[in-house]
Amino acid sequence: MTFMAAGAIAWLAFAAQVPPPAAADADAGRIIFEGRGQCLSCHRIAATGGTSARDLSWIGLLRTPDKLRAAIVNPSRHSAAATLTPADVDHLVAFLRTRRTLWALSTDAPEREIAPATENAPFFNRANRDREEVPGLLISALQIRPGATVADVGSGTGYFTWRLAEQVGPKGKVYAVDVQQSMLDLTKAAVAQHKLANVEYVLADDDNPRLPERSIDLVFVAYAYHEFGDPHEMMRRIRRALKPGGRVFILEYAKESSIAPATPLHKMSFEEIRREIEPMGFAVDQLLDFLPVQHGVVFTIK
């Protein structure tokens, strides 16, 4: 079974709150996957199987149920597709949705140097940014419901703030948070330009976003985590600000990319993001792998 690489459009239908599959369905899917489905002849899960197709150990973090289903029944990529019943397909989807185990992190990495807060407003407002960063698709992928409360921590020039405010609608609310008053002023101007009235502005400290406890559905941190002066204390307070079931989204330019438009100090690798945030009581819940030169990682509280 070889799974089609999903394009960015797959994420428009991503449902972050889809209930988990039933254990019995997932177990039935595992039996098919390891047996007559012949999936392990190509794919690998937990160090078992073939290597001619992608490792599926964390496919449940990457693909929607609909995209998993489409790949399974595609006869050009799965020779056994014609032999699968609709129930078989449902069970395979259930099993693959439970595959959410990322690789173990190394323990001997050097400590990351914290970047200073940037004041480069022209960079944030560059003309080609929409093409480079697909902001509409990114926000759609996060499935933010109307009426939600979102905190844009590190709002900068408001590039994402007004988009988030439009997404949550007039019954929702966005906290625009930044440690620089000059950036909050630019955020206010961007929000005013789009005639939105559901944004509250918060001047934060290096170690405190100054958000109400248990009030936030999604904390959105775009290109700002790497500048947190005290990441551990900041994330501790962000965790306290989340409602039950709340999420944290981290967006950073990928250190692994040579064309990402940032200096190494203002990039982070995926391993750095995981290594710092997971021990703070968070678990990876969703990966936005369609982003061109960024890491987009959704965390939930463990």
Checked Leu203, Leu137, Leu218 against criteria (open to solvent by less than 10 Å² (accessible area, probe 1.4 Å) and hydrophobic (A, V, I, L, M, F, W, C)); the one match is Leu218
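Please tell me if His226 is open to solvent by less than 30 Å² (accessible area, probe 1.4 Å), touching a Leu at 6+ places or on another chain (Cβ under 9 Å), touching a residue at least 24 places away in the same chain (Cβ under 8 Å) and not in a loop (DSSP other than H, G, I, E, B).
Values: open to solvent by less than 30 Å² (accessible area, probe 1.4 Å): yes; touching a Leu at 6+ places or on another chain (Cβ under 9 Å): yes; touching a residue at least 24 places away in the same chain (Cβ under 8 Å): yes; not in a loop (DSSP other than H, G, I, E, B): yes.
Considered against the rule, which asks whether it is open to solvent by less than 30 Å² (accessible area, probe 1.4 Å), touching a Leu at 6+ places or on another chain (Cβ under 9 Å), touching a residue at least 24 places away in the same chain (Cβ under 8 Å) and not in a loop (DSSP other than H, G, I, E, B), His226 comes out as yes.
Filter region 249-280 for residues that are of a type in the set (Gly, Ala, Ser) and either open to solvent by 40 Å² or more (accessible area, probe 1.4 Å) or under 19 Å from Ala151 (Cα atoms) (or both) and give the result. Walk me through it before giving the result.
Here is the first cut: in region 249-280, the ones of a type in the set (Gly, Ala, Ser) are 254, 257-258, 260, 262, 269.
Scanning region 249-280 gives a single hit, Ser258.
With region 108-219 as the region, which helices (runs of 4 or more DSSP H) entirely inside it contain at least 3 residues that are modelled with pLDDT of 95 or more and within 26 Å of Asp285 (Cβ to Cβ)?
Because the criterion is at least 3 residues that are modelled with pLDDT of 95 or more and within 26 Å of Asp285 (Cβ to Cβ), the helices (runs of 4 or more DSSP H) in region 108-219 that meet it are 161-168.
Pick from Thr107, Thr161, Thr118, Thr157: which is exposed (fewer than 12 other Cβ atoms within 10 Å of the Cβ) and polar (S, T, N, Q)? Before you say what the answer is, go through the steps one by one.
On the way: Thr161 fails: exposed (fewer than 12 other Cβ atoms within 10 Å of the Cβ); Thr118 fails: exposed (fewer than 12 other Cβ atoms within 10 Å of the Cβ); Thr157 fails: exposed (fewer than 12 other Cβ atoms within 10 Å of the Cβ).
Exactly one of Thr107, Thr161, Thr118, Thr157 is exposed (fewer than 12 other Cβ atoms within 10 Å of the Cβ) and polar (S, T, N, Q), namely Thr107.
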Please identify the pairs in which a residue from region 194-214 that is aliphatic (A, V, I, L, M) has its Cβ atom under 8 Å from the Cβ atom of a residue that is in a loop (DSSP other than H, G, I, E, B), counting only partners at least 6 apart or on another chain. Ala197/Pro170; Val202/Pro209; Val202/Arg210; Val202/Leu211; Leu203/Val179; Leu203/Arg210; Ala204/Val179; Ala204/Arg210
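Yes or no: Arg30 touching a Gly at 6+ places or on another chain (Cβ under 7 Å) and either surrounded by 13 or more Cβ atoms within 10 Å (Cβ to Cβ) or at pLDDT 90 or above (or both)?
On the way: touching a Gly at 6+ places or on another chain (Cβ under 7 Å): no; either surrounded by 13 or more Cβ atoms within 10 Å (Cβ to Cβ) or at pLDDT 90 or above (or both): yes.
In short, no.
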Restricting attention to region 33-78, which residues are within 26 Å of Asp285 (Cβ to Cβ), in a loop (DSSP other than H, G, I, E, B) and not aliphatic (A, V, I, L, M)? His43, Arg54, Ser57, Trp58, Arg63, Thr64
Residue in region 79-104 that is surrounded by the most Cβ atoms within 10 Å (Cβ to Cβ), counting only those that are in a loop (DSSP other than H, G, I, E, B) and under 22 Å from the mean Cα position of the chain (by Cα): Arg99
Return the residues of region 33-78 that are over 15 Å from Ala94 (Cβ atoms), open to solvent by less than 50 Å² (accessible area, probe 1.4 Å) and polar (S, T, N, Q); say none if nothing qualifies. Ser57, Asn74
Identify, from the list Ile59, Ile139, the residue that is under 18 Å from Pro20 (Cα atoms) and either in contact with a Leu (Cβ under 8 Å, 6 or more places away or on another chain) or among the aromatic types (Phe, Trp, Tyr) (or both). Ile59
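Per-residue answers, yes or no, for (1) of a type in the set (S, T, N, Q); (2) touching a Ser or Thr at 6+ places or on another chain (Cβ under 9 Å); (3) touching a residue at least 12 places away in the same chain (Cβ under 8 Å); (4) farther than 25 Å from Ala262 by Cβ:
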{"position": "Gly156", "(1), (2), (3), (4)": "no, yes, yes, no"}
{"position": "Thr161", "(1), (2), (3), (4)": "yes, yes, yes, no"}
{"position": "Pro170", "(1), (2), (3), (4)": "no, no, yes, yes"}
{"position": "Leu186", "(1), (2), (3), (4)": "no, yes, yes, no"}
{"position": "Ala192", "(1), (2), (3), (4)": "no, no, no, yes"}
{"position": "His232", "(1), (2), (3), (4)": "no, no, yes, no"}
Residues in region 240-255 that are out of contact with any helix residue (DSSP H, G or I) (no Cβ under 7 Å at 6 or more places or on another chain) and either assigned to a helix (DSSP H, G or I) or of a type in the set (Asp, Glu) (or both) total 2
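The values are calculated or read from the model by the stated rules, or taken from the named source; none is laboratory data. The structure displayed is predicted, hence computed values, not measured ones. Don't worry about glycine lacking a Cβ; one is built from the backbone with ideal geometry, like all the others, and counts go over all protein chains shown. Just the protein is used for accessible areas: all its heavy atoms, side chains included, with ligands, DNA and RNA removed. Shrake-Rupley method; radii C 1.70, N 1.55, O 1.52, S 1.80 Å.
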